[in-house]
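Below you'll find the structure, written out as C-alpha cells, and then a few comments.
The values are calculated or read from the model by the stated rules, or taken from the named source; none is laboratory data. Bear in mind the structure is a predicted one, so any value in this text is a computation, not a measurement. Here Cβ is always computed from backbone atoms with ideal geometry, including for glycine, and neighbour counts include all displayed protein chains. Surface areas here come from the heavy atoms of the whole protein model, side chains and all, with no ligands, DNA or RNA. Shrake-Rupley method; radii C 1.70, N 1.55, O 1.52, S 1.80 Å.
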Amino acid sequence: MNPNRKLLSFVIVVLMGISAFLIWIYPTADKPLAKRRQHERPVNAPSCISIENGKVTVAVDAASRIKSGIVVAPLKVDSRHEELKAYGRVIEVSGLANLYNSYVAQKAMMKKTEAHFNASYREYERLRALHKNGNISDKALESAETAWLSNKADVEAANGTLHIIETIIAQQWGPVIAKWIVEDSPSFNHLLQQQDLLVQITSFDKHLEHAPGTALIQASDGNLLPASLVSSAPHANPLTQRAGFFYIIPARAGLFPGMNITAWLPIGPKRQGVIVPDSAVVWWQGRAWVYVQNDDTHFVRREIVVDTPVPNGWFVANGWHGGERVVVKGAALLFSEEFQPKPQPGNPGGGDDDD
C-alpha cells in the first residue's frame, strides 16, 4: 500500500476514536455545569427587613438581640421651656485683668494718701491745741495746716482716679463685673484664674429685653455646659452687631477665648415631652432617627426633631410619649442591618450547596 494512504488511514482512525471518547464522556462532564446553573436560580431567602405603613421595620429575635448587645429602655417624661437658639463667643479677659491691676494699684495709692492725710490731720490738731495756749508759733501751725490740706487734696485726687477706673470697668464690662472687682469677689477670681469663662451671647432672630437666668452652651465636643447670667453686655458683638448678654460657664478643654459658640436660651412657657438619649440616635441624610420597639422582635425606625438639645440627649415635645421603648444601645447595628447589601444569587453566602 502507498505510504501516504497508510498515514491518512491512521489519522482518520485516531480522529474517530477521539470523537467517540468525547461522545461517551459528555453527559458526565455536563453534570457540574447543570448543577451550577440550577444553583444560580433566584433564591427567595427570608428577609428581616419589611415596610409597614410606610415605615421600615427590622426584625431581630431575642437571642440575636442579646448576642449583639442591643439594649432597649423606655423614654422618660420631662418638661422644658421653649428654647431660642443664639450665638456668641468666648470673651478674652486680658483687658479686664489690666483694668483690675490699675484698679488695685490706684486703690493702694489711695490708702497711702489717706494714711498721710490722717497723720497730718492729727498733727495739725495737736499743734492747734498748743497754739491756743501760746506754746507754738503761728508759722508752725500754718505749716501743719498746709501739709494737712495738701494730703487732703491728694486723697481727693486718688479717690477721683479710682472712681474713673471703676466707671471704665462698668462701661466696658457691665456693672456686675465692676462690682465683683470692687468687692474682690470669688466669681472674678475664677475668671482671672480661668476656672470659669465669660461668654457674650446674642440672638439673631429675636430681641430680648431681659435674658433668662440660665442657658446652655455647646462645647466644641458637642456637650452642653450650663451657663449663668451675669448682666447685659455694654458693647456689641462684632459678629452680630448686637450687645446681648454676658454669661459665665465652667472652663472646659477645647474652649478658648475668641471661639464662636452656640447657645440655647429658655423662653416661653414649659412644654411636656420626652428625653431621647444621644446613644439612641442614628444620623442619615442629615436627619435624626431612632428605633422604637413594637414587640419582642420588631423595631421601627422613626424620625425625631432635634431642635432642643439637653445634656446627653435631645428634648422632643411632639409625637412622642413617655414609656415608649427605644434602642439606647446598638441602634447602629440595626441601621447597618437595614442597609447592608443582601446576598445575591451565585455570590459567596448566596446559598451554594454541594451535593
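Quick look at the numbers
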{"quantity": "Unique residue being under 30 Å from residue 328 (Cα atoms) and surrounded by 13 or more Cβ atoms within 10 Å (Cβ to Cβ) when the list is 99, 75, 127", "calculated": "75"}
{"quantity": "Residues of region 208-225 that turn out to be under 19 Å from residue 177 (Cα atoms) and either among the aliphatic types (A, V, I, L, M) or in contact (Cβ under 8 Å) with a residue 12 or more places away in the chain (or both), as a count", "calculated": "5"}
{"quantity": "Residues located in region 304-340, provided they are over 23 Å from residue 68 (Cβ atoms) and among the charged types (D, E, K, R)", "calculated": "307"}
{"quantity": "Search result, residues across region 237-255 that are hydroxyl-bearing (Ser, Thr, Tyr) and part of a loop (DSSP other than H, G, I, E, B)", "calculated": "240"}
{"quantity": "Pairs where the first residue, in region 124-147, is at negative phi and the second is part of a loop (DSSP other than H, G, I, E, B) and open to solvent by less than 50 Å² (accessible area, probe 1.4 Å), C-beta under 6 Å, 6+ apart", "calculated": "127/136; 130/136"}
{"quantity": "Those residues of region 150-183 which are of a type in the set (Gly, Ala, Ser) and over 27 Å from residue 196 (Cβ atoms), in sequence order", "calculated": "150, 153, 157, 158, 160"}
{"quantity": "Failed item in (1) modelled with pLDDT under 90; (2) open to solvent by 70 Å² or more (accessible area, probe 1.4 Å), with residue 111 passing the rest", "calculated": "(1)"}
{"quantity": "Members of region 53-99 that are free of Cβ contacts under 8 Å to residues at least 24 places away in the same chain and among the β-branched types (Val, Ile, Thr)", "calculated": "66"}
